[in-house]
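Colleague: One structure, as structure tokens, below. Some questions next.
No value in this document is a laboratory result; all are computed from the given coordinates. Source: prediction; values computed, not measured. Ideal geometry is used to build each Cβ from the backbone, glycine not excepted, and the neighbour counts take in all protein chains shown.
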Amino acid sequence: FFGEMALLSGGRRNADVVAVDFCHFFVLERRDFNMFTAKHPALRQMVSEMARERTEMNVMRQKRVPSSGVAS
């Protein structure tokens with residue numbers, strides 16, 4: 001899954017995703033996500049943990065790539 005950071009924060013989705021084959025996507029609106037996770041807090045915690053891990057990965061990736069955006 002992707003887009004969890006936007007669901008949690010209410011911010012704009014900003015993930016880049018590349019499919020290797022045909023995909024059928026489902027959209028989960030933030031309102032519906034919040035209603036569902038209010039009834040299933042363990043799921044919200046798991047999604048929050050994944051978002052935290054991905055944020056850390058993004059920070060580490062940015063530290064490895066020079067500001068010009070080109071890896072050396």
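Colleague: By how many degrees, between 0 and 90 and to the nearest 10, does the Cα long axis of helix 41-64 differ from the longest principal axis of the chain?
Modeller: Approximately 10 degrees, to the nearest ten.
Colleague: Could I ask something else about it? Quick one: net charge around Thr55, please, counting Lys, Arg +1 and Asp, Glu -1 for every other residue with C-beta under 11 Å from its C-beta.
Modeller: Working: positive: Arg52, Arg54, Arg61; negative: Glu4, Glu49, Glu53, Glu56.
Summing Lys and Arg as +1 and Asp and Glu as -1 gives -1.
Colleague: Still on this model: Could you pull out the trypsin sites (Lys or Arg not before Pro) across the stretch 7-44 that fall in loop regions by DSSP (anything but H, G, I, E, B) with no more than 11 other Cβ atoms inside 10 Å?
Modeller: Sparse-neighbourhood loop trypsin sites (Lys or Arg not before Pro): Arg12, Arg13.
Colleague: Which log10 I(q)/I(0) values does the chain give at q = 0.13, 0.15, 0.22 Å⁻¹ under the Debye formula, counting every alpha carbon as one identical point scatterer?
Modeller: Each listed q corresponds, in turn, to -0.51, -0.65, -1.07.
Colleague: For the chain, which GluC sites (Glu not before Pro) are both in a DSSP coil and crowded by at most 14 other Cβ atoms within 10 Å?
Modeller: Those that pass, being in a loop and sparsely packed, are Glu29.
Colleague: Count neighbours as other Cβ atoms within 10 Å of each site's Cβ, and list the chymotrypsin sites (Phe, Trp or Tyr not before Pro) in the chain that are DSSP loop with at most 15 such neighbours.
Modeller: Values: sites: Phe1, Phe2, Phe22, Phe25, Phe26, Phe33, Phe36; in loops: Phe1, Phe2, Phe22, Phe25, Phe26.
Hits after loop and neighbour filter: Phe1, Phe2, Phe22, Phe25, Phe26.
Colleague: Let me ask something additional. Given contacts defined as C-alpha pairs under 8 Å and at least six residues apart, what's the relative contact order of the chain, whole-number percent?
Modeller: Worked out over the chain, it gives 26 percent.
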